[in-house]
Structures are given as structure tokens and as C-alpha cells.
Amino acid sequence: MKTTRPIRAAAALAAALVTAGGLTACSGGEDDGKITLSVGLFGDFGFGPLYEEYTKLHPDIEFEERISEFADHHTNLTTHLATGSGAADIEAVEVGYISQYTAQPDRFHNLLDLGADELEGQWLDWKWQQALSADGESLIGLGTDVGGMAMCYRRDLFEAAGLPVERDQVSALWAQSWEDYVAVGEQYTADTGGYFFESSGNMFRAMVEQAEEGVYDREDNLIVESNPAIGEAWDLTVRAIEAGMSNRLAAWTPEWNAGFNEGTFATIICPAWMTSYIETNAPDATGLWDIATVPGGAGNMGGSHLVLPAQGEHAEEAYAFIEWLTAPEQQLKVFEATGNFPSTPELYEDPALTGLTKPYFNDAPVGEIFTAAAQAVQPQYQGPLQGDVLATIGQGLGRIEDGSQTPEEAWSQVLSDLESF
Amino acid sequence: MTIAAKGTGTRGGPTGLLRYRLDLKASPYLYIAPFFVLFAVFGLFPLAFTAWVSTHEWSLLSDEHAFIGLGNYETLLSDPYFWNALGNTMSILVLATVPQLFAALLLAHLLTMRLRAQTFWRMGMLLPNVASVVAVAVIFSQLFGRDFGLINWVLESLGAGRIDWQAGSATSHVAIAVMVAWKWTGYNALIYLAAMQAVPREVYEAAHLDGASRMQQLFHVTVPMIRPTIVFTVIVSTIYGLQIFAEPQLFGGGGQNGVTGGASRQFQTLTLYLYEHGFNRGFEFGYASAVAWTMFAVIVLVALLNYLFIRRIRSAS
């Protein structure tokens, strides 16, 4: 068992790289009146069955999906937009990168002209706003999922550490604040010698996402140094690192994948989309993972939009498809299949959504948990280089973790690195 | 009149002669032209254009390209991250190339001996080289994994304890050097083998009669005889080694660590540094072009030093 997993991950990565390299040539072809729409995604969005369903409804439309790695995806998209060729007809954009693209609306088809102007009420208001250009004149994308946060934890590890196991009691452990979460973690690590969470960067990011203001203010100025919420999040994360709570796993690496199954860490911050990663990475851990609430109140982490680069030739067909794909019925199907949580509030009243439980997570009522999380989210403004800024701070925390810098050195290097932004 | 008319009108007249002469003079150039045209379009022009871009503040994301002269080079030379990347590259180069060429020499020496299934062994040498760099880097990154890597598992069962290969400078350089050596040792061994087969048998017979051992024969007969080949492999390995990209990039994993070569930039090579500036958030093509030209200078310099070094060994022995 132990040997097959890394190999499979390696094969998947190799395949992803080959695909990323090989399939960048052309977008959208026409054969005997049929139109092939290309869809560029990072990771599997669970759209597979929906393509088939759509092709049944519209026999003239076919799909070609290109999946690349998370970081490469946005870099490639930016390059393709700048050079005017190579982008897919439909591209996914994660929320950390969306403002970078709303700043250049002329590179995308304006969805307000294609029919989206009548649909505004369909999405959470902030989800809609995120894809609007600064002047409000153009909308570049339609929202797919949102990442209201929860906290996933390993029941077996909690039990072994003498902590409560049931999700309500676990939530109560840190219901007050992140300080309580860190205190529980300090206790856990001291008692068991194990790691409490997988990466300090992720914990830091969760705290920042919950704050009223994040790394940017509304005028797109970086406020990393002046925002007290950032300073507090940094200090608390450093405290957690120094207590040895972090497993120091970078997201999307083979070691990270393996950690879910092996149970090397006890908790991980869980936006809805994370649940599907846990399920795929730890197929043998059915019933061991469960879901509690996240400390520090509600916040959004991740979630995506689908955009139509202006270089795509089939704007109307592509728009018709994403309008269908992001409609509540289809978002519900995606949620049922993958766990990516819908961004359309209409569903939050729907028992088909709220009543959903996941056997893998010990029958956790995921519908209820993530509905509550999504409804409570206070939207935070996302600046143009949001994703890169958080990654740079995450690296600073990484330098403390591997012992190459003191917290003070790491912080001052973060600030000097950010000056070049 | 008639003579003149005859002279201009018929075959073999001045026009025909001219055409013949033109054919004689121009045709050879036409035949070799495709290469030079392609070279100019895909070789020279990009080189020159890169030099031009490197004197501008040139971002892919903006249409304005301001001329700033040597500004990019000044920023580059005063950036400690550049010198860090240069140091890392040199360190990986030495760690990868020196043991690799020695191993290749020994392997080639073994292959000259009479072996069963000779072709099998020789072909086997080339196998690691056939695998793509990406595949090699992905597999080795797994082997060098901190928690579930095979190498750490072996180390631990030997009682040596685990190593976080990625976190340290030295350990990450060793890991990357192993990937490079794995891919290129066999290739160099085959090149040495080819050169060794051109060494006349009589020289070895004479050495053998004089009582030279196998090892003495290798270092006192073979090495001096195949020096031009050694010079060639040293220079080619240097050029390759200074441009390593896929190995550190994949070793760093997805995300920021793959771009900066670890959180402390402990294994960021020059090409990764170029990538960080040219194909990352700012898409600063001007600055990246300056990095490219600086790399070119570094490579020429190092290759030259290596050449002189190898030549000295020759004249010494």
C-alpha cells in the first residue's frame, strides 16, 4: 500500500505536466458544424458528467478539458492573455487571482453583454462583485464555488490524545478564538509528540481571510505592515510553530497528499473544496476524518470563477454553457459529486443541499455546516496580487519552520520582499 | 549586325554565360542558405532581441517599454538573491559534474573490458538519459521525500536518522546533483568509451608488459589519450549544469517554493531566478533578458576556466 501512493501521485503529476505542455496549441475547433469548447482548469472540478449532459442537450457542442497545476494555471493564463493566444475558451480563475484579471477587463468577453446582466441575484452578492471591473461596467466571470471555512480533524488522533471526539465538543474547544485552538494544539503536541496541523501558512491565511481587511486596502495599497490583524495572525502562527505544532507540509506536494492518509497531522482548515481533496488523498481513512467549525468566526478561503478570454471565438456558445453550468441545479450536482460548495444562495434553503451528509466524514452534515459557513461570510476585498502576497508571507513562516531564520528576520525579509510588488 | 545579333540571341551568348556564372557562384550559397536563414531567425535574432529587451523596462503586462540602458544589469548585480542563485548554481554544478565525470570514466573503462552481453551493458548506460528530465525529477523528488521517501526510509533503518533534504542548502544541492548525475553519467561514459576504442591496442600492450595495472593504464594511458574528449564533456556538462531548471523547479513542489527554490531560496538556480522574474507575477521580460545575458557571460567564463584547467592537467602529466 505504502509504495503505490507516491508512484500514483508521481504519475498524476507527470501526466498533468505533459498535458499542460502539450495541449496549449489551439483553442476551439469546428468540425462538420460541431463546436469544441476548451475548458482550462486547475485540478478536477467535477465537471465531467456535466459535459456529457450538456452535449446531450446541445449535440453541436463538445468539450475538451485541460487540467494543469494550481500555480502554473494562473501564470499560463496571464501569459496567454498578454500574448493574445493559447488560452482556452473557458478558464477557471481562483479568487486569489481574480482582481488581477478584473483590472484588465478588455482581455475578456464582457458577460453583461452576453446575458449575465439579468442574473445578478443568482449569486452571493460578494461573489458577483469579485468578478466586476472597478468601474462596474464589465463582468469577467461567473462564480462556481465558494470556500466557507470549517475545520477538519482526525477522530482517531483526537481520541488517542484524550481530546473530545464528537464534532460539537470539538467545535466547543476553540469556539472562542484562535488562541484556544493554539492552546489545544500545544497540549496535543506536548502530550503526543504529533503535529496538530499541516502547514503554518494555511493557518495564517485562514486568520487573515476572517479579518475585515486583508493584505490590501480598497485602494489596492499593500497594508501588510500596518494592518493589526496581520500582525496578530503572524504572532499567533509563530507561537504555534515554536510549539512544534506544524507538520511543515507544502500544499499539493506528494508528502502533503500522503499526510492525509497516514494521519501525520490532526487538523486542517477545511474550506468546502478541501473535503474532496481529503477524500481523494486518503481513500483508506473513511470515517477517521470529521468536520468541526473553524475558530475565529466565518471567512472565505478559495472558490473560483469561470471567465471567457476575449481571444476565444465562441463567446456565445461558451457563455451559454457557463450560464448553465453555474446555475443552481448544476452547482448542486457538483457539490454532491465533489464537495465544492455552491455560490448561489437560492440553494441554501434547499433541503437537497442542507440535508446532505458525507459518509466519508463520519456522516458529517456537510450541507448544514458549509451553508452556515457560507452565509456567515463577511466578504473581504481581494487585491490584485493577493495570491502572491500570501505565498510570500507563507514562505517567511516556512523559514521559521525549518529553522533558517528567527521570526524577526523572517518578518523583515517578508516586508523587503513585498517592496518589489 | 549579324554577328552582334548572333552574339546576343543564341545559347552560349553573354546572358547564358552570365546565368552559368551566377549558378556557379551563387548556388552553393543557396544550398547552405536554409541553415543560415533558420539560424538567423531562431538563433541570432532572438539573441540580439533579448539584448535589446534587456535594456528596457519591459513587462509582458504593459505596452510601454521604457529604455533604461544598463539599469536592469545594475539592479541585477546589486540583488543579493542573484548572487545567492549564482552560488547555488556553482555548488550544484561542482557536486553534479565532478563525481559524474569520474564515474563515467570508470564505467567506460569497465566497458572496454571483455564482458558477457556487451551490447546490453552499453545500451543500458544510455537508458537513464532516455527518460525525460521531468520524469527523473519527479521520481527523485519522491525518493528524497522527507516523510515517505525511500532514501530516508533506508537511512532510518540503518539508524542514521531522517534528513529533510529540501530544507538545507547542502542537502538540497546534493539531491539535485544526484538527479543530474543519474541522467548524464551513462551518456558521458558512452562518449568516453567511443574515444577509448580509438586508442591503439599496442599502447596498452606495451604498458601491460611494463607491468602497469588496470588502474595505472586508465590514468596514465587512457586519460592522456582521450583528453580532447574529456575537454568536450567538461564543457558540455558545464553548459548544461549552469542551466539546470526542471530538477530544482520540480524538487521544490508546486507553488512558490518551486519558483524561489525553497523558502530560503536555498536551491534557487540562475534559471529559476530568471523564471521567477520573467514568468511570474510581474512578467518582467526586460529584467529576465538581462539575467539571460548575464548567464551567458557566466557560462562562457566558466567554460573557459574549465578549458584552461583541463589543459593545464594535460601539460602537467
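Where a number appears in this text, it was derived from the coordinates with a stated rule and is not lab data. All of these numbers come straight from a predicted model, not from anything done at the bench. Because the Cβ atoms are built from the backbone with ideal geometry, glycine has one as well, and the counts that use them run over all protein chains shown.
Observations, loosely collected:
- Rounded tilt (10° steps) of A:272-281 against the dominant C-alpha axis of chain A: 80
- Against the main long axis of the alpha-carbon atoms of chain A, helix A:315-325 sits at an angle near 40°.
- Distant-in-sequence amide contacts of A:Ser304, defined by a placed amide H-H separation under 5 Å and a gap of 5 or more residues or a different chain, comprise A:Thr144, A:Asp145.
- Anchor A:Lys358: aspartates and glutamates whose Cα lies under 12 Å away (excluding residues fewer than 8 positions away in-chain): A:Glu279, A:Asp290, A:Glu336, A:Glu368
- Among the GluC sites (Glu not before Pro) in the stretch A:146-225, those located in a DSSP loop and surrounded by at most 14 other Cβ atoms within 10 Å of their own Cβ are A:Glu166, A:Glu212, A:Glu219, A:Glu225.
- For B:His56, the residues whose amide H sits under 5 Å from its own are B:Ile68, ignoring neighbours fewer than 5 places away on the same chain, with H placed 1.01 Å from N.
- For the stretch B:10-50, the set of trypsin sites (Lys or Arg not before Pro) satisfying both a DSSP loop assignment and a count of at most 15 other C-beta atoms within 10 Å is given as B:Arg11.
- Electrostatic bookkeeping for A:Gly299 treats Lys and Arg as +1 and Asp and Glu as -1; over the other residues with beta carbon under 10 Å from its beta carbon, the sum is 0.
- Among the chymotrypsin sites (Phe, Trp or Tyr not before Pro) in the stretch B:178-212, none sits in a DSSP loop with a Cβ that has at most 10 other Cβ atoms within 10 Å.
- Taking B:Met123, B:Met295, B:Met179 in turn, the Gaussian network model of chain B (Cα-Cα springs below 10 Å) assigns the largest fluctuation to B:Met123.
- Fewest-first ordering of A:Trp324, B:Trp83, A:Trp411 by other beta carbons within 10 Å of each residue's beta carbon gives B:Trp83, A:Trp324, A:Trp411.
- Note on chain B: GNM, Cα springs under 10 Å; of B:Thr229, B:Thr119, B:Thr260, the largest mean-square fluctuation is that of B:Thr119.
- Taking the DSSP beta bridges with both ends in chain A, the antiparallel portion is around 65 percent.
- For the stretch B:75-316, with +1 on Lys and Arg beta carbons and -1 on Asp and Glu, the positive-most of B:Ala85, B:Leu209, B:Ile235 along the dipole: B:Leu209
- Only Cα pairs under 8 Å and 6+ residues apart enter the sum, and on that basis the relative contact order of chain A stands at 24 percent.
- Residues of the stretch B:170-196 with amide N under 16 Å of a point placed 7 Å along Cα→Cβ from B:Gln118: B:190-196
- Using the Cβ-Cβ distance between B:Glu202 and B:Thr171 with R0 set to 56 Å, the FRET efficiency works out to roughly 0.70.
- Entry note, chain B: the mean residue ellipticity at 222 nm calculated from DSSP H runs of n ≥ 4, each adding -39500 (n - 2.57), is -23000 deg cm²/dmol after division by the residues and rounding to the nearest 500.
- Longest segment of chain A lacking trypsin sites (Lys or Arg not before Pro) that sit in a DSSP loop with at most 14 other Cβ atoms within 10 Å: A:3-217
- All other residues whose Cβ lies under 15 angstrom from that of A:Cys270 are scored, Lys and Arg at +1 and Asp and Glu at -1, for a net of -1.
- Database remark: amide H of A:Glu64 closer than 5 angstrom to the amide H of A:Leu37, A:Ser38, A:Val39 (H placed geometrically; neighbours at sequence offset of 5 or more, or on other chains; Pro and chain starts carry no H).
- Per-residue Karplus couplings for the stretch A:285-302, computed as 6.51 cos²θ - 1.76 cosθ + 1.60 with θ equal to phi - 60°, are listed in order as 9, 4, x, 8, 8, 9, 10, 10, 7, 8, x, x, x, 8, x, 10, 10, x Hz, Gly and Pro entered as x.
- The angle between the Cα long axis of helix A:228-242 and the longest principal axis of the Cα atoms of chain A comes to about 60 degrees, rounded to the nearest 10.
- Electrostatic bookkeeping for A:Pro105 treats Lys and Arg as +1 and Asp and Glu as -1; over the other residues with beta carbon under 9 Å from its beta carbon, the sum is -2.
- Cβ-derived FRET efficiency at R0 35 Å, B:Phe49 paired with B:Ser27, nearest 0.05: 0.65
- Distance between the C-alpha centres of the stretch B:231-279 and the stretch A:71-137: 32 Å, rounded to the whole angstrom.
- Annotation for A:Thr192 and A:Ala134: the two label points, set 7 Å from Cα along the Cα-Cβ direction, are 4.8 nm apart.
- Computed helical MRE - 222 nm, chain A, DSSP H runs ≥ 4 contributing -39500 (n - 2.57), nearest 500: -14000 deg cm²/dmol
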